[in-house]
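Take a look at the structure below.
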Amino acid sequence: MVEKIRNNNGNYLPNQADQPPTFDLRSIVANTVIFRLKVAVILLLGVLSKAPADEPGNLKDLLPATEYDALTTFYGETSGPRWRQATNWLDPTQSNWFGLETRHVRWARITLAPSHWHSVHNVYGLSQNANRLNGTIPSALSQLSNLQRLELAGNQLHGTITPSLGALSNLQLLNLASNQLSGSIPSVLGQLSTLKEIYLTNNRLTGAIPAELGQLGKLESLHLKHNELSGRIPAELGKLTRLLQLFLNDNHLSASIPDELGQLNNLRELHLSNNNLSGTIPAQFGQLRNLDMLNLTNNRLIGTIPPELGQLSRASWIGLSNNRLSGEIPAALGQLRRLWDLLLNNNSLEGAIPAELGQLINLRVLNLNDNNLTGAIPEELEQLINLEILFADNNQLSGAIPPELGQFSNLRIFSFSNNRLSGPIPAELGQLTSLWSLNLGFNQLNGPIPDELGFLRDLTQLELSNNQLNGPIPKLLGSLTNLTHLDLSNNNLTGTIPSWIGMLHNLEVLNLSNNQLSGSIPAELGQLANLKELQLHCNPLDGELPTSLTQLSNSLNTFSFSSITNDLNGTASADVLAKLNSSGISVMHVPASSCPESLTLPELEISHDDSSGNILLILKATVGQHLRLQMSSDGVAWMDIATTSPDFSGIMIHEQPIPEGPSEKLYRVAW
């Protein structure tokens, strides 16, 4: 008998055995989910994984027959026996062939009986870079349908890129760079929707870039540089919104740069240099906010530099050199605070150097060579404390060199040759203690050479020629023991040739010609064992040629000299010249009478409005000089108008009749 149980109210509680059975739906669902998860875990054991290197068996047994046959064909058609490394290839006892990556799928069939496991292998990677492959790319590779990486760079593959590669629908990386491949790029590559990287650089590919490549929505790197590709850059490439790198440089591409490239929002590097591109630089490039490098050098681009380039806030390198760009340098470029290199040389840029460039505090290289820039050098450039290379040669810059530029503590190269700079060389340049090269030649600088330049102990090149410098050669320059090139020619330097020059043992070029240096040639010059060029002509030197010069016969290529006396033509000198000539050295004895044509004392521009009469010239002169005159309408011919006698020294007063006929009354006179 079952005992009844009363509650607190005195009523009997029902017995559990008397109740109908109930079902907990939550428990049922939970148990079902747990069961299915267990099944899923079992199935996950069959996901793709790399085959162990020591897995037993051989590839012929493990791979599908079509893939194995494709590999053996690849080996045979690319001179497999001559590969640099071919470990285990075609060895029936091995599965780990060199440069081959296989993966296997393991899966189980779930039954009430014990599970049966199955394994299928496929080729996922074929890497044979720099392995002496020779031949054509076998079309049999199309049988490797699971291939994700094909790397055959740095070999001697030739012929065309087989269109059969278009069957590799899982391919992510295609690297055929640095071979001898020719022909066009197959348009079927545009069907490989999984491709992320294409490297076809350093081949002999011709024809146009296929517009179909613009369909590769996952592409991140496209490298087609150093080929012979021609035609336009396809505008369709602007659809590659995931693209990080675009290298099309060193081809024969022409026409204008498509504006659509400005849509590549993720682009980090854009290289279009060394082509035949024309037209203007797209202003849309200012939208490439992630761009780090922009290289458009060596093309035929025209027009102005778009101010929008100042929006490339992440740019570290911009190269626009060797084009036909005109107009002024945009001040907006001063906003590029991350910029390291700015190359604007060899264009037709005009106007002043923007003071805003002084805001580029991370700039390492600034090249403004070969333009039509005018005005003074901005003092604001002193803020470029990280600058290492500064080129501004072959412009029309004027005014003095700012002493503030002596604060460039990291500067290696300072070059402002062939401008119209005037005034003295600032002594502050002696603070540029990291300097390798100082080139201020072909300007209108005057005054003495600062002693402080002798503090530039790392200097290898000092070029101050064709100025109006005067005074003696500073003794402190003897501290520049790393000098290989010293050119002080075509100035008004006086005094003697210093004997300490013989201590500059690394000197290869010494040019002191066309000055007013006197005395004898120091014997110590014979100690310059590396000297290749010695130019001393058109100085009023005397004495015999030192016999020590014959010690330079192993290095010297050129030697020139002249004098106002016959001493340098004496017997001893003749012996020296004979030995130098017998050593194959080019020796030039420039007669003193020929020197005035070469001497570059200050040129004077004289203008007037008279149609007749005389020009009164009052000039300083020295012994043995010819005063010459040139009309501006005649850029070649000079005319001797006066000569100083051997005993003359002082001031020349000369009246020059105005030539008849010239429409422009502008003349130049020079010694």
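The values are calculated or read from the model by the stated rules, or taken from the named source; none is laboratory data. Note that the structure is predicted; figures quoted are calculated from it, not measured. The protein model used for the area step is the full one, side chains on, heavy atoms only, and it has no ligands, DNA or RNA in it. Shrake-Rupley method; radii C 1.70, N 1.55, O 1.52, S 1.80 Å.
What the table below lists for this structure:
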| read-out | value |
| --- | --- |
| Residue-wise HN-Hα coupling along the range 161-170, computed from phi with Karplus coefficients 6.51, -1.76, 1.60 (Hz; x: Gly, Pro) | 7, 5, x, 4, 4, x, 7, 7, 5, 9 |
| Tensor-based shape of the range 144-289 (alpha-carbon gyration tensor, a/c under 1.5 rounded, otherwise prolate or oblate) | oblate |
| Protein accessible area in the range 411-530, 1.4 Å probe - carbon and sulfur % | 48 percent |
| The range 330-458: C-alpha gyration tensor shape, a/c 1.5 cut-off, then a/b vs b/c | oblate |
| 4 °C / 1.567 mPa s Stokes-Einstein diffusion coefficient of the range 380-453, Kirkwood radius on C-alpha pairs, µm²/s | 105 µm²/s |
| Surface share of carbon and sulfur [accessible, 1.4 angstrom probe, percent] for the range 211-311 | 40 percent |
| Shape call, the range 416-456: gyration tensor on alpha carbons, a/c limit 1.5 | oblate |
| Derived scalar couplings ³J(HN,Hα) [the range 506-517; Karplus, 6.51 cos²θ - 1.76 cosθ + 1.60; whole Hz; x for Gly, Pro] | 8, 5, 10, 10, 10, 10, 10, 5, 6, 10, 10, 6 |
